[in-house]
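Q: Here it is, the structure, as structure tokens.
The values are calculated or read from the model by the stated rules, or taken from the named source; none is laboratory data. If you're wondering where the values come from, they're calculated on a predicted model, not measured in any experiment. All Cβ positions, glycine included, derive from the backbone under ideal geometry; neighbour counts span all protein chains shown.
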Amino acid sequence: MIVKEISKMLHKDEDFKAYIKGLQKSAGQLIHGLTDSQQSYWIGATAHKTQKPLVIITETVADAKNMMFDLLNFFGEGEVDYLPPREILLHGLFARSHELSEERMKVLSRIVNGELNCLVLPIETLTQKMIPIEIFGKSQINIKVGDTYPHYELSNKLIYLGYERVDLVQGSAQFSIRGDIFDIYPLNQGNPIRIEFFDDQIETMRYFDAVSQRSKGHLQSFYIHPAKELLADKETRERAIKRLTLYGEEYIQRLARKGKRNAARKLKDLVDEWLSYLKNDLWSADMDKLQPFFYENQVSIIDYFKKGSLIFVSEPIRVIETLRRTEEERLTNLTELLGLGKALPELKDTEYSSQEIMEFFKSQNVTYLSALPREIPQTELVNILSFTGKSVPPFHGKINLLLDEYKAWKKRGYTVALTVSSNERAVRLKEYLWKEKIEIPFIKNITSVDEINQKSFIAIGNFGKGFEIPSIKLVVVSDEELFGRKKLTKVLRTFKDGAKIGHHGELKVGDFVVHVQHGIGKYLGIEHLRIGGVFRDYLNIQYAGQDKLYVPTDQVELIQKYVGAEGHRPKLHKLGGTDWQKVKTRVKESVREMAKQLLELYATRESVEGYTFPPDDNLQELFEDSFPYSETPDQLKAIKDTKMDMQKKKPMDRLICGDVGYGKTEIALRAAFKAVMDSKQVAVLVPTTVLAQQHYQTFTERFADFPVVIDTLSRFRTAKEQRGVVEGTEKGLVDIVIGTHRLLSGDIKFKNLGLLVVDEEQRFGVSHKEKIKQIRKNVDVLTLTATPIPRTMHMALAGVRDMSVIETPPEDRYPVQTYVIEYSDNLVRDAIRKELDRGGQVYYIHNKIEDILKVKLHLGKMVPEASIGVAHGRMKEDELEQVMLDFIEGNHHVLLCTTIVENGLDISNVNTLIVDEADKLGLSQLYQIRGRVGRTNRIAYAYFTYKKNKILNQQAEKRLGAIREFTEFGSGFKIAKRDLEIRGAGNILGPEQHGHMIAIGFDLYCRLLEDSVRQLKGERQHENLQETLEMEVNVSAYVSNKYVPDSSQIMDVYQNLGNCESLEEVKSIEESLIDRYGEMPVESNNLITLTRIKVIAKKFKVIKIKHVGDEIEIAFAPDFIIKGEKLFELAKGMDRRLTFSGAKGLMIKLRTSKLSQKQILDFLENIFLKLAALEGNH
């Protein structure tokens, strides 16, 4: 990388030479005058000169991340990383999410394996004590093809390392065992791995996809590193039990002697709980803080890293102040918990004291980098250097400003490096400069630094900020100065890519199901029955009055899981009753009518002529390039589709669906820019003043470097200001106007309106919707909605509504670190202060309006320095909006509110969420509320609190368990998401249709809707909503629980086979089963063959394949016609076993006497394969 070579220019500087000489002495050095990327430049130059490993210490996690991004410019791929601090909470922790700890474990593993040459640490990470490095190092497992490894031994070792045994491996740090097949998802691998044993010897290893479970490529070896930090074998655990018992008893007695009997009782219960876990070899989220009881000889992270490393401290005064403040807060917190009987004194030994850290700095040859000359306490310095580094002025796309500076730099004989984050930006910048008659080359490689001395060039680099070093006549200009925003590129270490919105179709015993013909029942499980001498599996479904229906598994497509609103319990239908048919008929008619209206509306718009926008130009590219994030594939497709719509003759009417923060606004911004650049006006219509203000801020920020006039129209503008906006809009002086329903007033006239953007249309009233409908007729309209809709609904509406669904979350967004934790004032105070210390804001959710002001008073006493705003649904609209605006503008640190925060607020500075009595809220509410934080690349925290001593009712306890599952494994997420999707579908189609979805279940509703649309368009309908193929063949065909041990996975197999519409799909499932479970037993092979027969039979309109005595009757639909000579050909080679009749449609009879089960299936399959060949239907 060419930027690496730039660092060598500093080697000629006299001050730098003096600094390198000073490194040979045993005391520290201070270099002041360097800020931001200037510091990383100095560090990069030092790395190249000394060839030594480096450790850099920063004040905060954000500083560490920024430093790491900068240092990536100077190191090879995979050589630099940062280690976030370990989250150790002294409070009673019930559950926590694993993303951050998993990322930390990955970095620790790379450190132990010597892969890093540069490690960046926030000071908090340095203070934390770790288990001895030899324990961590010895714990890695190396696995190779040909190795012998007894199953129980590998299983026990994985559990010791913190891996969880599951039925189906879907996430990191999980493993499963199925006979001789071992699935493992190591933390350090991008995909899980399937190991196939022959006895105890590893025969093959291959990667597989965690979603499809299909293998995809072989490997010969890999290693597994620990998934948790506190590793404890039997001996270590016994030591912890012994010490915990001893110190616990001592402190319990001390509390009792002080008369704190209640605290002593609480502590005894707590210690007993910990001991119970340890004695039973169990683990809980609360264990990490007990590390001092396991290991007396704890070490520092520096002991894990390479010996002889150079140590840098960035902004030492700030680092020391943070070190002392956090130590004081932690000790205060621990003291309070000790008095309450909720901690032991030894828990303070999880961290080094500030004094120990200062002593450590004194013992090392530390380089301190500071913007200002500051005296560093308790530090002897051998060298203090004043070095001049300057920042670069911002140009933000204004080429004329850049040219003026450029000419001045060239006049002074400077080397000028214009660094950009991608090849696309480099090529574009080169073209811009070329148009201005300035020829600057884009250089990718050089052999010597002399090649660029006093030259100007464009290069790939990713600096946070540009800088000028006058002493060596170097200036580096970054994305930040050139384009106004740095393009965030993917780092070598990423959090898991966002998973697409999934569907929660798997059936569990007790779930409600919908049978197309019989209605809603309760699924009781799979029953293995012997009927007519053969074994088959049947789904046992209970209906009203204890009636039961046994559904053959080959008819599984007639059944879907009932999905309604969260918490809604549907009424069971009566077998043979008429209620279900009535409900289904009513919904069918309503859906058909709605589909008809949608089709008519769509056809009308197709015939209207609108304005045709031109293709993109250079300005559009420049605007889009200033977007600081990498677009997701969904987002790119939505942008492309929107712009293509705008370039067509007919008026655009596109709906963009996607969760808050998935990038819908960016699509609107690009469409608005396209419209304005073609001299058209844009109206952005939003339901609330708060949203108007938020959009106004976003639009003005993104359009800052372009000559675009943006204004707002809402109740918060004075009458005079409103008149000015109205007049400017009418005269065409305002390009983009953002407003509430005030925009729909009669006095608003546009000179040349080209685009209307409607945000959350479902939140407008009927009269406003009518006005929107009028505007829609000949103006391009882009509608945004934050409630997600499922893929099935999207497909059902295809062809009647132009729609883009964004279902992939942004990559590299930091996960929300979630805790399910016992409420305590200490916890709340710590969480709020921690967020305030990093300049952020907090949501505090208290869902009882009656005592919300009492909670405000209480929070005010706990955190007097915080300004607290209160918001709830009973406030007057203008009052509520004022509080929200004050919070958005940073006038309040904490927003204490009810769950109204669910509704689409997007404030990137809010990154801590505290939910009071989370056990009283539904999962979908919690999921949506949690989505309000974590909107940036800053780590966000969510605390779901509950009152431990309160007696929870059964439902609340169940909900708390679900929250725990949701937090630790993300599985409840699917349920929550599904509830939101139904709400989203209701928002799009209206309240009446939402009621129909609840009445018959969401999946059946979507299928009815899709069928209505297909029918009205003259296309083929779903077969399984019509008469299904009845199939009864006396052959044992089922999935054995010895072959597939987990019942929910067996159900998955039946559902997947039931949905097959082609032989390729059947083949794929067969291969997947062999891949996952090994060779199939006979009965499973029979099931696959029957499915193949069924798939082909459906193509020939077969309505029945049924064993009657010694014959199988194959009945075709009356409209199936085949010539007699073809039937004659079909009978050939069938051992005279076929007879034909045709009174009510063709009937083929196959005589099965003296045939084995396999022969019966072979004959049946041959009939249909031959029929396909004769009909030319291969």
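Condition check ((1) assigned by TED's automatic domain parsing to the domain that holds THR945; (2) farther than 26 Å from LEU161 by Cβ; (3) more than 22 Å from the chain's Cα centre (by Cα); (4) surrounded by fewer than 22 Cβ atoms within 10 Å (Cβ to Cβ)) across all residues:
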site: LEU54; (1), (2), (3), (4): no, yes, yes, no
site: ALA62; (1), (2), (3), (4): no, yes, no, yes
site: PHE75; (1), (2), (3), (4): no, yes, yes, yes
site: VAL112; (1), (2), (3), (4): no, no, yes, yes
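Q: Whether any residue in segment 858-881 is under 32 Å from the mean Cα position of the chain (by Cα), surrounded by fewer than 19 Cβ atoms within 10 Å (Cβ to Cβ) and in contact (Cβ under 8 Å) with a residue 40 or more places away in the chain is what I want to check.
A: Looking for residues that are under 32 Å from the mean Cα position of the chain (by Cα), surrounded by fewer than 19 Cβ atoms within 10 Å (Cβ to Cβ) and in contact (Cβ under 8 Å) with a residue 40 or more places away in the chain, one finds none in segment 858-881, hence no.
Q: Would a scan of segment 580-591 turn up a residue that is touching a helix residue (DSSP H, G or I) at 6+ places or on another chain (Cβ under 9 Å) and part of a loop (DSSP other than H, G, I, E, B)?
A: No, every residue in segment 580-591 fails to be touching a helix residue (DSSP H, G or I) at 6+ places or on another chain (Cβ under 9 Å) and part of a loop (DSSP other than H, G, I, E, B).
Q: For GLY972, indicate whether it is modelled with pLDDT of 70 or more and either closer than 30 Å to VAL587 by Cβ or not assigned by TED's automatic domain parsing to the domain that holds HIS858 (or both).
A: Spelling it out, it is not the case that GLY972 is modelled with pLDDT of 70 or more and either closer than 30 Å to VAL587 by Cβ or not assigned by TED's automatic domain parsing to the domain that holds HIS858 (or both).
Q: Could I ask something else about it? Being among the aliphatic types (A, V, I, L, M) and modelled with pLDDT under 90, is that true of even one residue in segment 1088-1106?
A: Among the residues of segment 1088-1106, not one is among the aliphatic types (A, V, I, L, M) and modelled with pLDDT under 90, which makes the answer no.
Q: Out of (1) of a type outside the set (Phe, Trp, Tyr); (2) under 34 Å from the mean Cα position of the chain (by Cα); (3) in a loop (DSSP other than H, G, I, E, B), the odd one out for ILE302 is which?
A: Evaluating ILE302 over (1) of a type outside the set (Phe, Trp, Tyr); (2) under 34 Å from the mean Cα position of the chain (by Cα); (3) in a loop (DSSP other than H, G, I, E, B) leaves (3) as the failure.
Q: Next up: ALA683: in contact with a Leu (Cβ under 6 Å, 6 or more places away or on another chain), under 21 Å from THR785 (Cα atoms), part of a strand (DSSP E or B) and outside the structural domain of ASP906 (by TED's automatic domain parsing), yes or no?
A: yes
Q: How many of the residues making up segment 998-1031 are surrounded by fewer than 16 Cβ atoms within 10 Å (Cβ to Cβ) and either modelled with pLDDT of 80 or more or outside any loop (DSSP other than H, G, I, E, B) (or both)?
A: Looking only at that region, the number is 3.
Q: Just wondering, is there one or more residues in segment 717-735 that are modelled with pLDDT of 85 or more and part of a strand (DSSP E or B)?
A: Checked segment 717-735: no residue is modelled with pLDDT of 85 or more and part of a strand (DSSP E or B).
Q: If GLN24 satisfies all but one of (1) under 17 Å from THR367 (Cα atoms); (2) surrounded by 17 or more Cβ atoms within 10 Å (Cβ to Cβ); (3) not hydrophobic (A, V, I, L, M, F, W, C), what's the number of the condition it fails?
A: With (1) under 17 Å from THR367 (Cα atoms); (2) surrounded by 17 or more Cβ atoms within 10 Å (Cβ to Cβ); (3) not hydrophobic (A, V, I, L, M, F, W, C) applied to GLN24, the lone miss is (2).
Q: Pick from segment 50-107 the residues that are assigned to a loop (DSSP other than H, G, I, E, B) and hydroxyl-bearing (Ser, Thr, Tyr): which of them is farthest from VAL366 (Cα to Cα)?
A: SER97
Q: Ok, one more. Closer than 30 Å to MET67 by Cα and among the β-branched types (Val, Ile, Thr): is that true of THR125 in this structure?
A: Judged against the criteria, THR125 is a match.
Q: Something else now. For segment 907-922, which positions are within 17 Å of the chain's Cα centre (by Cα) and either free of Cβ contacts under 8 Å to residues at least 40 places away in the same chain or surrounded by fewer than 21 Cβ atoms within 10 Å (Cβ to Cβ) (or both)?
A: Across segment 907-922, the qualifying residue is only SER908.
Q: Out of GLN542, GLN560, GLN581, which single residue is under 20 Å from ALA999 (Cβ atoms) and at pLDDT below 85?
A: So the residue among GLN542, GLN560, GLN581 that is under 20 Å from ALA999 (Cβ atoms) and at pLDDT below 85 is GLN560.
Q: For segment 1040-1050, give me the residue count where each residue is modelled with pLDDT of 85 or more and either closer than 22 Å to GLY521 by Cβ or charged (D, E, K, R) (or both).
A: The qualifying residues number 2.
Q: Go over the candidates LEU246, LEU230, LEU219 one by one and state the one that is aliphatic (A, V, I, L, M) and free of Cβ contacts under 8 Å to residues at least 24 places away in the same chain.
A: Answer to the selection: LEU246.
Q: Find the residue count for segment 535-555, including only residues that are of a type in the set (Lys, Arg) and either more than 21 Å from ASN1056 (Cα to Cα) or out of contact with any His (no Cβ under 9 Å at 6 or more places or on another chain) (or both).
A: 1
Q: What about HIS568, is it surrounded by fewer than 14 Cβ atoms within 10 Å (Cβ to Cβ) and not small (Gly, Ala, Ser)?
A: yes
Q: Working only within segment 323-349, note down all residues that are over 19 Å from LYS834 (Cα atoms) and either out of contact with any Leu (no Cβ under 8 Å at 6 or more places or on another chain) or buried (at least 18 other Cβ atoms within 10 Å of the Cβ) (or both).
A: Residues satisfying the conditions are LEU338, GLY339, LEU340, GLY341, LYS342, ALA343, LEU344, GLU346, LEU347, ASP349.
Q: Determine which member of the set ASP233, ASP281, ASP269, ASP286 is outside the structural domain of GLU375 (by TED's automatic domain parsing) and buried (at least 18 other Cβ atoms within 10 Å of the Cβ).
A: So the residue among ASP233, ASP281, ASP269, ASP286 that is outside the structural domain of GLU375 (by TED's automatic domain parsing) and buried (at least 18 other Cβ atoms within 10 Å of the Cβ) is ASP286.
Q: What about THR46, is it outside the structural domain of ASN826 (by TED's automatic domain parsing), crowded, with 22+ Cβ neighbours inside 10 Å and over 37 Å from the mean Cα position of the chain (by Cα)?
A: Yes; evaluated as a whole, the condition is true for this residue.
Q: With the condition being small (Gly, Ala, Ser), I'd like the strands (runs of 3 or more DSSP E) fully within segment 857-947 carrying at least 1 qualifying residues.
A: Fully inside segment 857-947 and qualifying: 868-871, 940-946.
Q: Kindly indicate whether any position in segment 1062-1081 is farther than 22 Å from ASP209 by Cβ and touching a residue at least 40 places away in the same chain (Cβ under 8 Å).
A: yes
Q: Quick one: count up the residues across segment 449-471 that are outside any strand (DSSP E or B) and either surrounded by fewer than 19 Cβ atoms within 10 Å (Cβ to Cβ) or acidic (Asp, Glu) (or both).
A: Result for segment 449-471: 9.
Q: Is it true that some residue in segment 132-154 is assigned to a strand (DSSP E or B) and either small (Gly, Ala, Ser) or under 25 Å from ARG838 (Cβ atoms) (or both)?
A: no
Q: Looking at GLU850, GLU881, GLU902 in this structure, which one is out of contact with any strand residue (DSSP E or B) (no Cβ under 8 Å at 6 or more places or on another chain), of a type in the set (Asp, Glu) and either modelled with pLDDT of 90 or more or not assigned by TED's automatic domain parsing to the domain that holds LYS834 (or both)?
A: Of GLU850, GLU881, GLU902, the one residue that is out of contact with any strand residue (DSSP E or B) (no Cβ under 8 Å at 6 or more places or on another chain), of a type in the set (Asp, Glu) and either modelled with pLDDT of 90 or more or not assigned by TED's automatic domain parsing to the domain that holds LYS834 (or both) is GLU850.
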